[in-house]
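Derivation of every value follows stated rules applied to the coordinates shown; laboratory data play no part. In this text the structure is predicted, and so the values were computed from the model without any measurement. Cβ: placed from backbone, ideal geometry, glycine included. Neighbour counts: every protein chain shown.
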Amino acid sequence: MKVYRSLEEFTPLENAIVTQGTFDGVHLGHQKILSQLKNLAGMEGGETVLLTFFPHPRMVLQPDDNGLKLLETIDEKIEHLKQIGIDHLLILPFTRDFSRLTAEAFVQQILIDGIGTKVMVVGYDHRFGKNREGSFLELNTLSREFGFRVEEISAEDIDAVTISSTKIRQALVAGDLATANSFLGYSYRVEGKVVHGHKKGAGIGFPTANIHVDAAYKLIPGDGVYAVEVIVGGKRYQAMVNIGSQPTFSERSHAFEAHIFNFSESIYGENIEVVFHYRLRNELRFESIDALRQQLEKDKFEALKLLSNHAK
């Protein structure tokens, strides 16, 4: 897959089969669109192009709104799309000036002059151009004017539930990992760097890797205890993760920490990936450290059971 970070880097294609959107998380609905994109390209001897934007439009148009968290960083999205097998990924910088492009200007300057679009594949609710004024009907009208074809994927084709990145974000924030993963079509992942913590876990027999996520816009699942896999140096380990404010300890701080089973290596400063499979429970305040330790033993037993069944 070739990656371009501006329109100037991209040379218009002879037969571009294009789709456009933020594609946050590349969930099952997105995968349906990309599958059709690839099938069309195969039938028509064309090349697939995914047109997306970074930063996310809301980050630019609502800069004071820090509430938007995304399912994937831009680097994670690139890797995900490589695995799916898209030919060209065009990442346009989203700016206020760009947001003012009318629907017609967007079609002419970006889709036609910039990419060479022959077929545009879009979801049933696709919007584009200034203030999202461009609808599917307008895209059809412009396609006749500029000589390309529009292929629509209906809501029914994508999923009876209508999967959306927003619904997945809401599920993750609520700790509803089962719903989020079912909509994604894979287990949610977070990558971060192992940093020094207060070593509270080590003091009670459950040492943890404290994880710092550089991308402030990356969504971390809601507070709670999770059964996960951790990927360290290309190897997978079973583990459990706690996300929360550590209410049992007097020196409380919000933490994202993993206890990796049967693991004793020093990994400070290393990047690790956490793959979220199951939510075990809410974060709780215990009356004593001993009560916390006993609960952690139960959590470990439950996590190992779930992860062992998951691997079968």
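Would you mind checking which residues have amide H under 5 Å from ARG149's amide H? H placed 1.01 Å from N; only 5 or more apart, or other chain.
Answer set, sorted by chain and number: VAL119, MET120.
Quick one: work out Rg over Rh on the C-alpha atoms of the chain, Rh as Kirkwood radius.
Ratio of gyration radius to Kirkwood radius: 1.04.
Would you compute, from DSSP H runs of 4+ residues alone, the mean residue ellipticity of the chain at 222 nm, taking -39500 (n - 2.57) per run and dividing by the full residue count, rounded to the nearest 500?
So the helix-based figure for the chain works out to -9000 deg cm²/dmol.
Using only Cα atoms, tell me the angle between helix 289-311 and the longest principal axis of the chain; keep it within 0 to 90° and round to the nearest 10.
It is inclined by approximately 50 degrees.
Go ahead and set up a Gaussian network model of the chain, Cα springs under 10 Å, then flag whichever of PHE94, PHE263, PHE148 fluctuates most.
PHE263
Magnitude of the Cβ-charge dipole of the chain, K/R +1 and D/E -1, about the Cα centre, nearest 20 debye?
Dipole size: approximately 740 debye.
Just want to confirm a number: the relative contact order over the stretch 1-156, from Cα pairs under 8 angstrom separated by 6+ residues, in percent.
That works out to 31 percent.
Considering only DSSP beta bridges with both partners in the chain, what is the antiparallel share in %, to the nearest 5?
Counting only bridges with both partners in the chain, antiparallel ones make up about 60 percent.
Anything over 27 Å Cα to Cα? Flag those among LYS38/LYS235; LYS38/LYS193; LYS2/LYS118; LYS82/LYS118, in the order listed.
As for pairs spanning more than 27 Å Cα to Cα, those are LYS38/LYS235; LYS38/LYS193.
Summing +1 for each Lys or Arg and -1 for each Asp or Glu, what net charge is found among the other residues whose Cβ lies under 12 Å from the Cβ of ASN15?
My count for the surroundings of ASN15 gives -2.
How would you rank 49-55, 235-241, highest first, on the average number of other Cβ atoms within 10 Å across their residues?
49-55, 235-241
How large is the direction-averaged shadow of the alpha-carbon convex hull of the stretch 187-311, in nm²?
Seen from a random direction, the Cα hull of the stretch 187-311 projects 7.2 nm² on average.
With only alpha-carbon atoms counted, please give the Rg and Dmax of the stretch 1-114, in Å.
14.3, 46
Which of the peptides 4-12, 167-175 is most tightly packed, and how do the rest follow, judged by the mean count of other Cβ atoms within 10 Å per residue?
Packing proxy ranking, top to bottom: 167-175, 4-12.
Could you order the peptides 85-93, 109-117, 293-301 from most to least packed, using the average number of other C-beta atoms within 10 Å per residue?
Result, highest mean Cβ count within 10 Å first: 109-117, 85-93, 293-301.
Once the mean 1/r over all distinct Cα pairs of the stretch 172-246 is inverted, what Kirkwood radius in angstroms do you read off?
About 13.8 Å for the stretch 172-246.
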